[in-house]
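**Q** Dropping the structure in here first, questions after.
The values are calculated or read from the model by the stated rules, or taken from the named source; none is laboratory data. Because the structure is predicted, anything quoted here is derived from the model rather than measured. Glycine also receives a Cβ, built like all others from the backbone with ideal geometry; neighbour counts cover every protein chain displayed. Keep in mind that these areas ignore ligands, DNA and RNA; they rest on the heavy atoms of the full protein, side chains included. Shrake-Rupley method; radii C 1.70, N 1.55, O 1.52, S 1.80 Å.
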Amino acid sequence: MGSESAGMTLPNKMRLIAIFIIAQGGITEEARRTLVAAAGLTTEDQDALIHLEALGVKVQKSKSGSSSMWGGQAKKNKRRAYQDSEYAASRYVCALKDLIDQIVQGELSTEVYPSVLPMPSLVGKPVARSLRKPEKGRLGKQPGSYTGARSLIFVAGGVSFSELRAAYEVMERQKKEVIIGGTSYLTPNTFVDLLRAIKI
């Protein structure tokens, strides 16, 4: 990230470092200093990367691979194997996709995700038809009909475009309507800004 990074914007530098940290399961203090110096990050920018810990990311590890006082325990999100896609093993699958899949199939654990009201039955519900305009897409597909109850999902803190895509993929595969939204739509730049605002 030397001379090649001269034309790279600061948010992109931070995103690349964040991706590297997450992919490596945390990095050593020495590696962090090297990356920070090469990218020319300010103290505020470094703090934003440290704030990834609030999201369950292991940011720093010792040379032996064990976590240090700067890095917490990373949350391990289980992923289901999606056999319907040839890219499933090589592309990113967000954690929300597995949860949406469990919701539409009525398999979401009420112990892990308790309900304030009794959960409605998913059996015997009328067919739900899409309210989207009946326009053909680029593949000539018409909006389909969905069976069972609609699933409404709200993401506090913002929903990313990969999560919107995940909801669409589950809806098309399970043929059950999923409506997803959040407090905002997260772009890479707004996500970095929110990392800076976290207080830990």
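**Q** Does residue 130 satisfy the condition of being open to solvent by 40 Å² or more (accessible area, probe 1.4 Å), among the polar types (S, T, N, Q) and modelled with pLDDT under 90?
**A** Taking the combined requirement at face value, the residue does not satisfy it.
**Q** Still on this model: Are any residues in the range 15-53 under 18 Å from residue 189 (Cα atoms), among the charged types (D, E, K, R) and open to solvent by 40 Å² or more (accessible area, probe 1.4 Å), and if so, which ones?
**A** Scanning the range 15-53 gives 15, 44, 47.
**Q** Looking at 66, 62, 5 in this structure, which one is within 26 Å of residue 95 (Cα to Cα) and modelled with pLDDT under 85? Let's see the steps before the verdict.
**A** Values: 62 fails: within 26 Å of residue 95 (Cα to Cα); 5 fails: within 26 Å of residue 95 (Cα to Cα).
Of 66, 62, 5, the one residue that is within 26 Å of residue 95 (Cα to Cα) and modelled with pLDDT under 85 is 66.
**Q** Here's something else I'd like to know. Within the range 140-181, restricting attention to residues that are at positive phi and free of Cβ contacts under 8 Å to residues at least 40 places away in the same chain, which residue is most open to solvent (accessible area, probe 1.4 Å)?
**A** 175
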